[in-house]
Amino acid sequence: FPLTRKRHATGDAQSDYIEDVHTSAFPILASQLGAHACNKLTSLYLNCNRLLQYERGGCLDTMYEIFGQNLSRCCTELEELSIVNTGIVRGENTPMYSVGLASALVSTLKRRKDMIRKFDYEVYGRPLLFNRFGEGANTDIIRKTNCDVFSAVLQSTKLEQLCIKCSAGPYRDLVRAATICNAENGSREKKSSSIRDLSILCLETRVCNGNYIMPPVGPLLDHFSDCHCLQTLYLTLPKPCWRESQTLEALTNLLTKKPELLRVGLSFSGLDDREGKVLEYLSGILAQLALGSVNIFDFGGLLNVDEARLLKLIQGMEKLGFDVRRNLLHAAIRFQRSERRE
């Protein structure tokens, strides 16, 4: 959103402009989405960072409602939606996200489930919500709102690109939404089976990683197992999720039988693998993927890895025609199919 320049400017880059995104720029955007010209809108990018400064007290609730109504009713050709729902609020030392903005997206995602092809969503930090019913009611509203957003996305039938960056709280609601969708679909093919590019990045923070009990990630990975056209996959999951055997089983189902899969990236978030369980799994799955179409396989965040086992894995991949790049600082390794291979 642009800043408003004062009528009588003095030449000072700071004092010549007014921070009025909440009273001018965003209300104009919300209302103009209802204009006839916006019927042809196909792509929207919205970063709410500066809006968050003025959301306390519920002063933006009405604007979010107008934004959501006009976006869902009038933007009939919308195909790409990118939302950055996170920012720093004055007086807070951690990022926050808007529950009001999240709620405003639900109607559009439901109404355009047969139109949306790309959805990028960053929802990170602590929730910011004004609610007169008290803190207990806040928790229920927050979880339901996040779950509604993710459920609507997972029910999209034309989705080709999905990228979700979230903190631990929204991540739990994402897994819950996937579990509900799987139960509703039963044995039928998942509605989001058209996805080609998939990124799910759960970024743990000191604030969001407190006493959360992480749910099993298996239902989330299983939801995308029918994406037979999958070309790229990037996963960053919390450490507790990687310790479950069901996670690795679900990951195998997600990675195999994908003839167009080209790139894979896995981050283990500092998982201690001194027993070698994950490294042994990677050796097996890499041997399978190397025979397919995969060109690049990145993994990182494994700590206390046995060097002998890792060296054996590296040598095995080199024999299969892959070049190896290792970053010791970030405990990361890239296997890239060699161009010299005949």
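A cut-off under 13 angstrom between Cβ atoms defines the neighbours of VAL84, and their net charge, with Lys, Arg +1 and Asp, Glu -1, is 0.
Positive contributions from Lys and Arg (+1) and negative ones from Asp and Glu (-1), summed over other residues with Cβ under 12 Å from the Cβ of GLN231, come out at 0. For trypsin sites (Lys or Arg not before Pro), the sites in segment 251-342 that DSSP calls loop and that have at most 13 other Cβ atoms within 10 Å are LYS257, ARG274, ARG340, ARG341. Here segment 246-262 and segment 57-103 have alpha carbon centers that stand 34 Å from each other. In this rough spin-label picture, where each label sits 7 Å from Cα along the Cβ direction, the GLN32-LEU291 distance is 5.7 nm. The portion of the accessible surface of segment 196-342 made up by carbon and sulfur, rounded to a whole percent, is 51 (1.4 Å probe; DNA, RNA and ligands excluded). Computed over segment 232-307, the Cα gyration tensor eigenvalues convert (square root of 5λ each) into semi-axes of 21, 13, 12 Å, ordered from largest to smallest.
Projecting the Cα atoms of VAL89, VAL106, PHE26 onto the charge dipole of segment 26-145, computed from C-beta unit charges around the Cα centre, puts VAL106 farthest toward the positive end.
Shape summary: segment 172-325 maps onto an equivalent ellipsoid whose semi-axes, from the alpha-carbon gyration tensor, are 26, 21, 12 Å in decreasing order.
May I ask you to give the average projected area over all directions of the convex hull of the Cα atoms of segment 61-119, in nm² rounded to one decimal? Over all viewing directions, segment 61-119 projects a mean Cα-hull area of 4.4 nm². Of the cross-linked pairs LYS257/LYS319; LYS118/LYS258; LYS110/LYS158; LYS110/LYS165; LYS118/LYS158; LYS113/LYS258, those separated by over 18 Å at the C-alpha level are LYS257/LYS319; LYS118/LYS258; LYS110/LYS165; LYS113/LYS258.
The GluC sites (Glu not before Pro) of segment 222-318 that DSSP puts in a loop, and whose beta carbon has at most 11 other beta carbons within 10 Å, are GLU275.
I want the local charge near ASN304. Using Cβ-Cβ distances under 11 Å, sum +1 for each Lys or Arg and -1 for each Asp or Glu among the other residues. Intermediate values should be presented prior to the final figure.
Details: positive: ARG274; negative: ASP272, ASP273, GLU275, ASP306, GLU307.
Combined, the nearby Lys, Arg, Asp and Glu give -4.
Derived scalar couplings between HN and Hα for segment 169-181 equal x, x, 4, 4, 6, 5, 5, 4, 4, 5, 4, 5, 5 Hz in order, rounded to whole Hz, by the Karplus curve 6.51 cos²θ - 1.76 cosθ + 1.60 (θ = phi - 60°), x for Gly and Pro.
Across segment 298-312, coupling constants 3J(HN,Hα) worked out from phi with the 6.51/-1.76/1.60 Karplus curve, θ = phi - 60°, read 10, 8, x, x, 8, 10, 6, 7, 5, 5, 5, 5, 5, 4, 5 Hz, and Gly and Pro carry x. Amide H to amide H distances under 5 Å link GLU79 with SER43, where only residues 5 or more positions off or on other chains count and H is placed in the peptide plane.
Amide H to amide H distances under 5 Å link GLY87 with MET96, where only residues 5 or more positions off or on other chains count and H is placed in the peptide plane. Phi angles across segment 234-247 convert, under the Karplus curve 6.51 cos²θ - 1.76 cosθ + 1.60 with θ = phi - 60°, into 3J(HN,Hα) values of 10, 10, 10, 10, x, 3, x, 5, 6, 7, 8, 5, 5, 5 Hz, Gly and Pro given as x.
The values are calculated or read from the model by the stated rules, or taken from the named source; none is laboratory data. None of these values were measured; they are calculated from a predicted model. Note that we place each Cβ from the backbone using ideal geometry, even for glycine, and neighbour counts take in every protein chain shown. Each accessible area value is taken on the protein alone, full model and side chains, heavy atoms only, with ligands, DNA and RNA left out. Shrake-Rupley method; radii C 1.70, N 1.55, O 1.52, S 1.80 Å.
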